[in-house]
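Just so you know, all these numbers are worked out from the coordinates, no wet-lab data involved. The model shown is predicted, which means the values in this text are computed figures rather than measured ones. Note that we place each Cβ from the backbone using ideal geometry, even for glycine, and neighbour counts take in every protein chain shown.
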Amino acid sequence: MIRGIRGATTVVRDEEEEILDVTEELLHEMIAQNSFQAEDVAQVLITVTEDLSAAFPAKALRRFSDWTYVPVVCAREIPVPGSLEKCIRLLVTVNTSLAQDKINHVYLREATKLRPDLANGNKLAN
């Protein structure tokens with residue numbers, strides 16, 4: 001079965017290392033909570049808010065040695081007034097036997113505000 005796993009996090013500063021570090025942390029947590037491997041991943045869509053431009057977060061996925069052939073694309077979020085700032089979102093499409101209601105979507109830092117109903121189960125929510 002193909003499922004989408006959502007994740008989001010925020011940074012304090014628009015700096016390359018911070019963007020890459022928090023993106024890596026988010027993906028690690030998504031993998032840990034949903035037990036998938038690179039071979040299970042069909043694609044990853046990463047979006048950033050318009051106030052982030054110091055780095056492509058997709059570069060963080062290349063820190064994972066077995067993710068060389070995983071298709072990844074970055075895009076910009078729609079700049080809706082009042083939306084969460086300095087936010088990085090991931091949508092990982094995976095092959096899994098997990099039922100949809102068993103998928104653990106991961107929201108870290110200020111991104112817990114996006115889906116408090118789902119973020120409460122996060123081990124690293126704060």
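Brief remarks follow.
- Mean residue ellipticity (222 nm) of the chain, computed from DSSP H runs ≥ 4 via -39,500 (n - 2.57), nearest 500: -6000 deg cm²/dmol
- Loop-located chymotrypsin sites (Phe, Trp or Tyr not before Pro) in the range 45-96 (DSSP state not H, G, I, E or B) with no more than 10 neighbouring Cβ atoms inside 10 Å: Tyr69.
- Theoretical FRET efficiency, 1/(1+(r/R0)^6), r = Cβ-Cβ of Glu77 and Ser97, R0 30 Å, to 0.05: 0.45
- For Ile2 and Asp51, the FRET efficiency from 1/(1 + (r/R0)^6), where r spans their Cβ atoms and R0 equals 35 Å, is about 0.60.
- Cα gyration tensor category, rounded, prolate or oblate, for the range 1-73 with a/c compared to 1.5: prolate
- When the square roots of the Cα gyration tensor eigenvalues are ordered a ≥ b ≥ c, the ratio a/c for the range 43-103 is 1.5 or more and a/b does not exceed b/c, which makes its shape oblate.
- Placing +1 on the Cβ of every Lys and Arg and -1 on the Cβ of every Asp and Glu, with no other charges, gives the chain a dipole of roughly 380 debye about its Cα centre.
- Here, the chain yields an orientationally averaged convex hull projection of 7.2 nm² when only Cα atoms define the hull.
- Pairs of Cα atoms nearer than 8 Å and 6+ residues apart set the relative contact order; for the range 2-119 it is 43 percent.
- Here the Karplus curve 6.51 cos²θ - 1.76 cosθ + 1.60, taken at θ = phi - 60°, turns the phi angles of the range 12-24 into couplings of 8, 10, 7, 10, 3, 4, 5, 4, 5, 5, 6, 5, 4 Hz, with x standing for Gly and Pro.
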